[in-house]
1. So what's the Cα pair-distance distribution over the stretch 336-387, bin width 5 Å, in %?
2. Pairs of alpha-carbon atoms within less than 8 angstrom and 6+ residues apart define the contacts here; what relative contact order does the stretch 212-371 have, in percent?
3. What ³J(HN,Hα) values, in whole Hz, does the Karplus curve 6.51 cos²θ - 1.76 cosθ + 1.60 give for the stretch 392-409 when θ = phi - 60°, with x put for Gly and Pro?
4. Could you give the length gained on full extension between PHE228 and VAL410, defined as 0.36 nm per residue of separation minus the Cα-Cα distance, in nm?
5. When only alpha-carbon atoms are used, what values of Rg and Dmax, in angstrom, describe the stretch 184-240?
6. Once Rh for the stretch 179-291 is found with the Kirkwood sum over Cα pairs, what is the Stokes-Einstein diffusion coefficient at 25 °C and 0.890 mPa s, in µm²/s?
7. If only Cα atoms are counted, what is the Rg of the stretch 291-332, and what is its Dmax, in Å?
8. Quick one: what do you get for the stretch 275-347 if you divide its Cα Rg by 2.2 N^0.38 Å?
Amino acid sequence: MNRSSENETPQTPQAADVHRASGDDVESNRRRQASRNGRRSEESTGNRRGKPNAKGSDVPSKIHKDVDDDEREIGTMSACDCIKRLCLSIPMIFWLLLLLGAGGGVAISLFLSNDDDDNNSDAKSSASNTSRSIATTAPTGAPTSTMIAEKTQPPSPLINPNTPMDPMQFNGDADGGGSPTCDFAGFAQPHVVDQCRCFNEVRIVDPAVQQNYETLKQMFTPTIYDTFNESMNSCTARNQALLWLASGNGGSFDAEERDARFALAVLFISSNGQTWQANTNNWLSSVPSCNWEGVRCNGSNRVESLDLEGSNAMGTLPRELVLLNQLTSFNVANNELSGVIPPDLFLIGSLENADFRNNNLSGELPSQLSSASSLKVLLLNGNRLAGTVGNEICKLRDSNLETFVVDCPVADAESMPTTATETATSSSQQPLQCSIPDCCTSCG
């Protein structure tokens, strides 16, 4: 029998139980250690981008393993998951700054937008006010120099300014007698002057002239008249002049030339220009008004002088002469003109010389004469003017008026009225009275 076997002490049940318990403890400790190692591995995985584990020896291998796991995880992620992870990795301060910047940009944008809206609103308001100021500039009565200064409308667009009127066919004698040629067969556009002398109305108007006429009535006449209710067939001087202006003879010019051509055309028709014996070249032609005989222009091609002395002009002087708003000299002496002196003629601020001698002008001196502060020479003798020269007019002698001549008082029997009509006329209108030399410089 072996000694060792002999010496072995047989185990009691209790000892066996202790031994099993000890084995169980060892197994339990092994499991607890594995559990702790598992937790360390999970903590390392959750903090793979953090600091190394303090125990150190096996941390590098764990980190390397975790990085490989990350790479495999990223490879299986969608684009949205990548963007979400990227956004989560950006510091919160960056997002705050970005939001603040975006909010500031929106605020600036809204401010600039509101500012632009305000500017646009101001511009529209200004344009509207300008439009209203132009639209409400209305003439007051007959033409005046003040009204002309306020005109802002551009030249009226003519549809076809190449439809000239045929030459005037009048073949009467110098005193206005005789008859015009009234056979207009083959004439494209018989002259309105001839038509009015033949028919006392305008019967033939080319379609293009009709369209231009209507355009001028809408865009041009409101700058001169309160109303212009003439029908197209009317033979008033201003309607004939407008029809002529609507033709090819009227041409297409700027506003100032248009005004001058219209005023001169009204004068020509009002004073029977077809019977003039002088100063008739180029009148009512297509050439610029500066080239009409008796008309002289300044350096700006605006009428500054009108000389019709001795032209055998008869009829009346039109108020439309005020449209010649740069006129400095006006001479209609030694003609057969009648009616009154146009009051508005003296509202032309540049007028320096006015000669009305030896006509049949009547009536009193217009009160507007007192406004002619630039007037230097005024010749009125040889007419039938009446009334008294007022102090307002006499005061012109204190400024620029150097020569002021009226008719001399008539005291002999030959001047006394001989008929009832003359007696009634003389009782209501005494010859023009003007003291010399206090007011008028002389009489003639």
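1. 4, 22, 31, 26, 15, 2
2. Working: 282 pairs, mean separation 25.3, N = 160.
Averaging sequence separation for qualifying contacts and normalising by length gives 16 percent for the stretch 212-371.
3. 4, 6, 4, 5, 4, 5, 7, 10, 9, 5, 9, 10, 9, 10, 10, 5, 6, x
4. 61.2 nm
5. Cα-based Rg and Dmax for the stretch 184-240 come out at 12.0, 39 Å.
6. Values: Rh = 14.5 Å.
Answer, rounded: 170 µm²/s.
7. 10.7, 32
8. Working: Rg = 12.2 Å, N = 73, 2.2 N^0.38 = 11.2 Å.
Compared with the compact-globule rule of thumb, the stretch 275-347 sits at 1.09.
Throughout, read-outs are computed from the coordinates displayed, never taken from laboratory work. The shown structure was predicted, so the numbers you read here are calculated from the model rather than taken from an experiment.
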